[in-house]
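The structure under discussion appears below in the form of structure tokens.
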Amino acid sequence: MLKFIKKLLRRIVVAFLASTILSVVALRFIPVWFTPLMFIRLAEQVKEGRDLRLSHHWVSLDEMSELMPIAVIASEDANFMKHHGFDFKAIESAAKRNMQHPEKQKLGASTITQQTAKNVFLWPGRSWVRKGFEVYFTTLIELFWPKERILEVYLNSIETGEGIYGVEAIARENWGLHAHQLSKQQCALIAATLPNPRKFSSKNPSPYMLKRQTRILREMNYVKKIVKLNK
């Protein structure tokens with residue numbers, strides 16, 4: 001019986017590794033039309049008796065404003081082009097701050113690659129199991145995808161509003177524009193909402209959002225000098 005269980009577990013592990021690696025390799029080339037979060041949000045809408053809403057339009061990185069990747073790097077992950085999926089200095093800094101100020105909202109240190117792994121392959125949450133899977137998929141993504149592809153998938157899969165996903169969808173919803181038409185100010189404003197896009201609006205920004213936008217605009221000037229994207 002024990003021998004059978006070991007054999008079964010070995011097969012499960014092999015099947016998991018093979019299927020996940022193949023999925024990551026395939027999604028290097030295939031557009032990500034749907035993500036687990038989209039289905040989770042739809043289920044929440046049904047449960048709460050709200051109208052179903054899902055706005056998502058995949059576009060390539062070439063079809064986005066060249067300032068949009070700069071804006072999210074400035075806002076979310078300044079060392080994106082340098083690290084290999086994990087920003088250990090940012091993790092250390094966040095851990096120290098959280099220990100010194102436990103009464104304040106905890107800081108995170110997730111990179112754009114980690115957020116992409118979570119958005120495309122996983123579910124929201126803070127359990128150790130989910131975090132372990134996030135580390136695994138982040139490693140695979142960095143191994144098989146170039147930085148440009150990571151940004152492309154990230155900018156198409158991020159939640160940008162209630163039932164809205166990706167920069168093309170939010171550009172259409174907010175301003176009747178396409179992603180390639182977004183101004184520097186609009187790119188920064190979208191990036192400013194990303195910590196909580198269901199709470200913060202890029203269409204009707206609060207004073208706090210405008211303050212974040214100003215900071216991101218300033219930091220974009222520095223990021224642009226070091227980021228070289230093959231667009």
Checklist outcome for this item: Sole miss for Arg97 among (1) part of a helix (DSSP H, G or I); (2) at pLDDT below 90; (3) open to solvent by 70 Å² or more (accessible area, probe 1.4 Å); (4) not acidic (Asp, Glu) is condition (3)
Item to check | Matching residues, region 68-86, being over 22 Å from Ile170 (Cβ atoms) and open to solvent by less than 20 Å² (accessible area, probe 1.4 Å) | outcome: His83, Gly85
Checklist outcome for this item: Within region 157-180, of all residues that are under 20 Å from Thr214 (Cα atoms) and open to solvent by 20 Å² or more (accessible area, probe 1.4 Å), the one farthest from the chain's Cα centre (by Cα) is Trp175
Next on the checklist: Exactly one of these conditions fails for Met220: (1) open to solvent by less than 70 Å² (accessible area, probe 1.4 Å); (2) in contact (Cβ under 8 Å) with a residue 40 or more places away in the chain; (3) touching a strand residue (DSSP E or B) at 6+ places or on another chain (Cβ under 8 Å). Give me its number.
Outcome noted: (3)
Checklist outcome for this item: Of the residues in region 186-205 that are farther than 22 Å from Gln115 by Cα and loosely packed, with under 15 Cβ neighbours inside 10 Å, the one that is farthest from the chain's Cα centre (by Cα) is Asn204
Checklist entry - Can you find even one residue in region 17-33 that is open to solvent by 70 Å² or more (accessible area, probe 1.4 Å) and either in contact with a strand residue (DSSP E or B) (Cβ under 8 Å, 6 or more places away or on another chain) or closer than 17 Å to Ile164 by Cα (or both)? => result yes
Checklist entry - Does Tyr208 satisfy the criteria of being open to solvent by 60 Å² or more (accessible area, probe 1.4 Å), in contact (Cβ under 8 Å) with a residue 60 or more places away in the chain and over 17 Å from Glu63 (Cα atoms)? => result no
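The values are calculated or read from the model by the stated rules, or taken from the named source; none is laboratory data. Quick caveat: nothing in here was measured; it's all calculated off a predicted structure. Please note: Cβ atoms are built from the backbone with ideal geometry, for glycine as well, and neighbour counts cover all protein chains shown. We work out accessible area using only protein heavy atoms, side chains counted, and drop any ligands, DNA or RNA first. Shrake-Rupley method; radii C 1.70, N 1.55, O 1.52, S 1.80 Å.
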